[in-house]
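S.K.: Once you've had a glance at the structure underneath, I'll fire off some questions.
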Amino acid sequence: YVAYSVDLTVKDCNILNNPEDGIYITAAPTNNGGWYRKRGYATIENCNITNNYRNGISVTDTPGGCVIKDSYFANSGLHAVDFEPNVHHTSNHTITGCTFDDDNLMLYGSLPTALVWDITIEDCNFINGADLKSHQAMNVVAANNTFTGGGALFFNGYYDDQDGYGKIALTNNS
């Protein structure tokens, strides 16, 4: 569980068999019932994240964004990585070079105040039935990803005609 962190880096780790989430990244609650949001970012690099009860990684709030790269995910109870904002939008995320082995990547926003937006997923392998799922996410780019063994892309998008948000770009995925 990581709260109230600025410029967090988790690198070269095995994160295994946790009774909840392998990594849970969020803002810290304030004394008046709000959320303290510091402008930091999180980097998860070259990690083996497997057999966690709920999610491998849950990202509920990172004002500066999150980079997840060159990591392996398998056997999570719900999702390998779940972007699930609790109160505020979460944005500016990149996932690159990861392998999702029968473990889903989920972008899950809830209108109107907690959306996932500006996220890039590229050069990842989704194997053995792993899916990339998006529910009410905006400005998603999925490029150069490979799906084998039954995996698929599922998008339930959001589009706001007023400001042009809501673009989903899918390129060179196979």
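The values are calculated or read from the model by the stated rules, or taken from the named source; none is laboratory data. Note that the structure is a prediction, hence the values are computed from the model and not measured. As a convention, Cβ positions derive from the backbone with ideal geometry for all residues, glycine included, and neighbour counts pool all protein chains shown.
S.K.: What is the residue count in the stretch 66-101 for residues that are in a strand (DSSP E or B), at pLDDT 90 or above and of a type in the set (Asp, Glu)?
M.R.: 1
S.K.: Name the residues in the stretch 36-65 that are under 16 Å from residue 105 (Cα atoms), within 13 Å of the chain's Cα centre (by Cα) and either at pLDDT below 80 or of a type outside the set (Gly, Ala, Ser) (or both), would you?
M.R.: Within the stretch 36-65, 44, 55, 57, 59, 60 qualify.
S.K.: Sticking with this structure for a sec: Would you be able to say whether some residue in the stretch 92-112 is in contact with a Leu (Cβ under 6 Å, 6 or more places away or on another chain), surrounded by fewer than 18 Cβ atoms within 10 Å (Cβ to Cβ) and more than 15 Å from residue 49 (Cα to Cα)?
M.R.: no
S.K.: Turning to a different aspect of this structure: Go through (1) modelled with pLDDT of 90 or more; (2) at negative phi and name the single condition residue 140 misses.
M.R.: Tallying (1) modelled with pLDDT of 90 or more; (2) at negative phi, residue 140 fails exactly one: (1).
S.K.: Just to be sure I understand, how many residues within the stretch 119-137 are modelled with pLDDT under 85 and over 16 Å from residue 81 (Cβ atoms)?
M.R.: Kept after step one, since they are modelled with pLDDT under 85, are these residues of the stretch 119-137: 133-137.
After this cut, where a residue has to be over 16 Å from residue 81 (Cβ atoms) as well, the list is 136.
Selection size over the stretch 119-137: 1.
S.K.: With respect to residue 15, determine if the residue is at negative phi, modelled with pLDDT of 85 or more and not in a loop (DSSP other than H, G, I, E, B).
M.R.: yes
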